[in-house]
Amino acid sequence: MTEGCRILIVYYSRAGTTQRVAELLAAELDADLEPIRERAGAKPRDGARGFAKSVIDALCRRRTEVMPPLLDAAAYELVVVGGPVWAGGACAPVRAWLEAYGARIHHLALFCCEGVGGSEAALEQMSKAAGKTPLATCAINGRDLYGRRDGDKRDEFAQKIRQRLAARRETEWLV
Ligand SMILES: Cc1cc2nc3c(=O)[nH]c(=O)nc-3n(C[C@H](O)[C@H](O)[C@H](O)COP(=O)(O)O)c2cc1C
């Protein structure tokens, strides 16, 4: 863990959009980064076959196995988890990671990247998989990216995270 770093950003990205958002968010929040990797030998998700497999995994809520993380979520004050929307819901690798390691998270924030829709259901599924209510959520869609509004949304999300974390610290200190 980076000295003094209290936020971890965990993400899955098939095509690079979520990765880019996660990296920019990590710079804004001075956070560590942990990509979610599927276990070695898992069928690839690139190409038409990989796309179809990903849709079916998301629709049928099929289980996928993820590699154990390199960074321990329990060592961080807050973990931000992000992934793309697949078939109107959460993508399988993020769901798998949250089901496996959600219990290790102290405070959670969630974001997702979507083309046009499905982020509400995806964020709800992610929250359910973690067994936690997020302090803050953010959805970035294709129009935000093309209209260059993603930066504003990211800033707003980062600010909400900082404020809500500070409020939590205060109440936890009072108890
Ligand atoms: C298998 C699959 C299913 C998708 N389903 C949806 C969807 O239901 N709604 C939507 O708005 N975008 C959908 N998308 C688009 C992605 O959510 C969007 O392009 C996202 O930014 C991709 O993130 P990534 O580049 O990190 O993989 C889908 C993409 C894939 C690959």
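The values are calculated or read from the model by the stated rules, or taken from the named source; none is laboratory data. None of these values were measured; they are calculated from a predicted model. Note: ideal-geometry Cβ built from the backbone for every residue, glycine included; neighbour counts use all protein chains shown. Ligands, DNA and RNA are stripped out before the accessible areas are found, and what is left, the full protein with its side chains, is counted by its heavy atoms. Shrake-Rupley method; radii C 1.70, N 1.55, O 1.52, S 1.80 Å.
In the complete set of protein chains, residue-level accessible area for Leu145 is approximately 70 Å², probe 1.4 angstrom. Placing unit charges on the Cβ atoms of the charged side chains and taking the dipole of the chain about its Cα centre, the candidate lying farthest along the positive direction among Gln159, Ala75, Ala122 is Ala122.
Here the simple spin-label model places points 7 Å from the Cα toward Cβ, and for Arg61 and Arg169 these points are separated by 3.7 nm.
Under the convention that each Lys and Arg Cβ holds +1 and each Asp and Glu Cβ holds -1, the size of the dipole of the stretch 49-175 around its Cα centre is about 220 debye.
Only DSSP H runs of four or more residues enter the estimate; each adds -39500 (n - 2.57), and after division by the residues of the chain the mean residue ellipticity at 222 nm equals -14000 deg cm²/dmol. Taking the longest Cα principal axis of the chain as reference, the axis of helix 150-174 is set at about 50 degrees.
Between the Cα long axis of helix 47-59 and the first principal axis of the chain there is an angle of about 60°, rounded to the nearest 10.
Under the definition of Cα pairs under 8 Å and six or more residues apart, what whole-number percent is the relative contact order of the stretch 7-174? Walk me through the intermediate numbers first.
Numbers: 298 pairs, mean separation 33.9, N = 168.
Relative contact order for the stretch 7-174 comes out at 20 percent.
Rolling a 1.4 Å probe over the protein heavy atoms leaves Thr17 with an accessible area of roughly 60 Å². For the chain, the tally of Lys pairs with Cα-Cα distances below 23 Å comes to 5, considering only residues 8 or more apart or on different chains. Loop exposure criterion: trypsin sites (Lys or Arg not before Pro), DSSP state outside H, G, I, E and B, at most 13 other Cβ atoms within 10 Å. Applied to the chain, the longest stretch between such sites is 64-147.
Applying the Karplus relation 6.51 cos²θ - 1.76 cosθ + 1.60 with θ = phi - 60° to the stretch 80-86 yields 3J(HN,Hα) values of 9, 10, x, x, x, 7, 10 Hz, where x marks Gly and Pro.
Taken one residue at a time, the phi angles of the stretch 17-23 give Karplus couplings (6.51, -1.76, 1.60, θ = phi - 60°) of 5, 5, 4, 5, 4, 4, 5 Hz. Gly and Pro are set to x.
What net charge do the residues around Pro44 carry, taking every other residue with its C-beta under 14 Å from that of Pro44, with Lys and Arg at +1 and Asp and Glu at -1? Before the final figure, lay out each step's value.
Details: positive: Arg14, Arg37, Arg39, Lys43, Arg45, Arg49, Lys53; negative: Glu38, Asp46, Asp57.
Residues near Pro44 contribute +4 overall.
Working note: Karplus 6.51/-1.76/1.60 with θ = phi - 60° gives the stretch 112-122 the couplings 9, 10, 9, x, 10, x, x, 5, 4, 5, 4 Hz, where Gly and Pro are set to x.
Near Gly82, the amide H atoms lying under 5 Å from its own belong to Val10, Tyr11, Tyr12, Phe111; only residues 5 or more places off or on other chains count, and H is placed 1.01 Å from N.
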